[in-house]
């Protein structure tokens, strides 16, 4: 069963703390994505990863970094979280170039106090 | 890069009425088009995918129209029911890149 998982599902942090959001997929997809979703703004692309250690900034990368050391895992890191990073974060995966399919994880709701 | 505009941001219809959501895009090389449904607190669920070689796709209770000349994509819920109340997003992708470009979403409320 094709699946994208995200951990944790809910997270509350204080401003200045570090945050690690994890994403996994069991489909051996090459491409993975991190989006954030805010009311009225739709999904905004933070980072895209084309494969292990091949990452590219999306539209709003400032304040975020990513890590992809294994094809099935893609992490989003917030060093010193800010209150304006409170959002819902979605991870997605896609088989790769030429593919049109995108599979979404369940999302992580992050609150930064 | 691609720009996707989605209208309207909010839509309220009565049960049994039709509801139309429209997206316009700018990149003539866009080839894949998607509609997603998102219920409150949930992830995005793919409703329909359309390729630029097709113009009309029908699903259960909805129709997707693609007008390549006008670069316009629409989702038409033919007889809305309360279970259709959700946020809807269009997304666009071309063949050369792996980026998906999303509209900002439409919050649909179907009043019983």
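Could you check what % of the DSSP bridge pairs in chain A are antiparallel, to the nearest 5?
Roughly 90 percent of the DSSP beta bridges within chain A come out antiparallel.
At each listed q (0.14, 0.16, 0.22 Å⁻¹), what is the log10 of I(q)/I(0) that the Debye formula gives for region A:26-96 modelled as equal alpha-carbon point scatterers?
-0.40, -0.52, -0.93
If a paramagnetic tag sat 7 Å from the Cα of residue A:59 along the Cα-Cβ line, which residues of region A:9-34 would have the backbone N under 17 Å from that point?
Counting backbone N atoms under 17 Å from the label point, the list is A:33-34.
Note the full-extension length gain between residue A:79 and residue A:2 as 0.36 nm times their separation in residues minus their Cα-Cα distance, in nm to one decimal.
24.6 nm is the gain from fully extending residue A:79 to residue A:2.
Show me, bin by bin at 10 Å from 0, the whole-percent P(r) of the protein assembly as shown based on Cα pairs.
8, 33, 35, 20, 5, 0
In nm, to one decimal, how far is the modelled label at residue B:65 from the one at residue A:12, with both set 7 Å along Cα→Cβ?
So the two model labels end up 4.8 nm from each other.
Restricting to the protein assembly as shown, compute how many DSSP beta bridges are antiparallel as a %, nearest 5.
So the antiparallel bridges in the protein assembly as shown amount to around 90 percent.
Do me a favour and compute the ellipsoid semi-axes for region B:41-81 from its Cα gyration tensor, root of five times each eigenvalue, largest one first, whole Å.
Values for region B:41-81, descending: 20, 13, 9 Å.
Over the alpha-carbon set of region A:1-60, divide Rg by the Kirkwood Rh and report the Rg/Rh ratio to two decimals.
Computed over Cα atoms, the ratio is 0.99.
Taking 35 Å as R0, compute the FRET efficiency from the Cβ-Cβ separation of residue A:20 and residue B:3 and round it to 0.05.
Given R0 = 35 Å and the Cβ-Cβ separation, E is 0.60.
Just report the Cα centroid separation between region B:11-34 and region A:58-113, whole Å.
Measuring centre to centre over Cα atoms gives 26 Å.
Suppose R0 equals 45 Å. What FRET efficiency, 1/(1 + (r/R0)^6) with r the Cβ-Cβ distance, do residue A:28 and residue B:15 give to the nearest 0.05?
0.55
With a 10 Å Cβ neighbour count serving as the proxy for reagent exposure, in which order, fewest first, do A:46, A:12 appear?
Neighbour counts put them in this order, fewest first: A:12, A:46.
Could you work out the pair-distance distribution P(r) of region B:1-103 from its alpha-carbon pairs, with 10 angstrom bin width and percents rounded to whole numbers?
15, 51, 29, 5, 0
Coordinate-derived values only; no laboratory data. As the structure is a computational prediction, the values presented were derived from the model and not from experiment. FYI the Cβ positions are ideal-geometry reconstructions off the backbone, even for glycines, and counts take in every protein chain you see.
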